[in-house]
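So the structure is just underneath, and the comments pick up after that.
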Amino acid sequence: MQSIRKNYSMKSILNAVSGITLIALVVTIVVLLILASVSITVVFGDNGILQLAKEAGEKTNEAVQGDKENIGNATNYIKSLSWDASKVTAVTTKDGGIVPVPKGFVGSELDGENTIKDGFVIYEIPEEENLDWKKDIDEDGILDIQQDCNQFVWVPADGVSLEYKQDKETWKENENLYNDYTDWWDEEEITFRKESVEKYGGFYVGRYEAGINKDYKNGDTYERNSQNASAADKKPVTKRGKQAWNFVSQEKAKELSENMYTNNASVASRLIDSYAWDTICTWLSNSKINVMDSTSWGNYSNSSYTIKGLYARHTWNNKWVYATKYGNDETNENDTFLIPENKNNVYYEVATGISVVDENGEKIDRNKAKNIYDFAGNMWEWTTEIREYKDKSNEVTQPKATYCVTRGGGMGSMAHSASYRDGENLVSYVECDLAFRTVLYIN
């Protein structure tokens, strides 16, 4: 009996030890799970290490960019001491920068248009003309001068905060068949443009796509054939609420752009080049404006929003069927029209700088980035670039072709964003979704 009791006691002890060990194991696992949960939260949570590190990185980048902008402002101030006073007036912006305003133009005094950060706007108005910036605002909050005067936006390519350069790498993944194109370059002489940017610390870009200087009324006939009139007969404008000057070839876009300011000795107007386009993309991207996916601020076939103003409908059924009318939606008493997301081969060309309204009928600037309108979508825009293409899968029989380059996507596009680059292999090619934008370089 004594031996049995001893064995029983030993067994009890072992069972007790095993029970304690199991409990300890469970407690340990629970503690480890709690610690793991806490660690995951600490690392991956909303206020976790990774999020904090990301925010710290973003704040550091913002601080660095802010420092660059401050240095850029100081650099431009030093440059301004050597600016030609017969061609420009040095204007101090609301955020402390120095901008060269060409003769024949005035700097905007409107909130949101008078800082370099937001996009400093100039209007083609004689300096001696007294202007009340708070006068002549219509019911939609649009100034008459925005519809009556050419406007350009200053791009501060001072070499510090922003470089004026051609960028073949940053936007490479947004190229159409990028690796199949052997090379691309600006056909235009770029030296003068570089020298102007270096001297004055930037350049001006058309606030709107180049437009036809005609005031449409609701239901007017949509113009198509007269838009290719010679440069001597017509000049493009960069004003709000105009029909974009489409159905234009790259060659004609160059001619029209150059003819825009032949009588102003202070500036040279040119078709936008690759350096300017890439620089603008970088400028927007530095301000966290997405130029790789710009469907939220561009007029594309997969975008949907309500407009108030002029538009035209084009359809595609194996070929384009062009609009016959240009105007508002006559069936809507508020003159607003919803551009639907599912368009079923119907594409909407909107007027330059179109007013966009939200669900409450309030005006919003959906299609604008740093005061530049329709830089993404609405129209493919010609640049001075050309590039060569050779089908690598069929190099023997496929000859090399030269393409004229377009940028930014159009009303029929879905994934072709502001940084996108494409082309047409006919120098005379014209279409309803092909237009252009003019830039100003100070002489």
Subject >> Gyration tensor verdict on segment 259-311 (Cα atoms; rounded if a/c is under 1.5, prolate if a/b is larger than b/c, oblate otherwise) >> reply: oblate
Original post:
Where Lys and Arg each count +1 and Asp and Glu each count -1, what net charge lies around residue 198 among other residues with Cβ under 10 Å from its Cβ?
Top reply: +2
Original post:
Length gain on complete extension for the stretch residue 316 to residue 255, per 0.36 nm per residue less the alpha carbon to alpha carbon distance?
Top reply: 19.0 nm
**OP:** Run the quick spin-label model on residue 221 and residue 293: label points 7 Å from Cα toward the beta carbon, then report their separation in nm to one decimal.
**Re:** 4.5 nm
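Quick note: the coordinates plus some simple rules give every number you see, no bench work behind them. Computed from a predicted model, the values in this text were never measured in an experiment. FYI the Cβ positions are ideal-geometry reconstructions off the backbone, even for glycines, and counts take in every protein chain you see.
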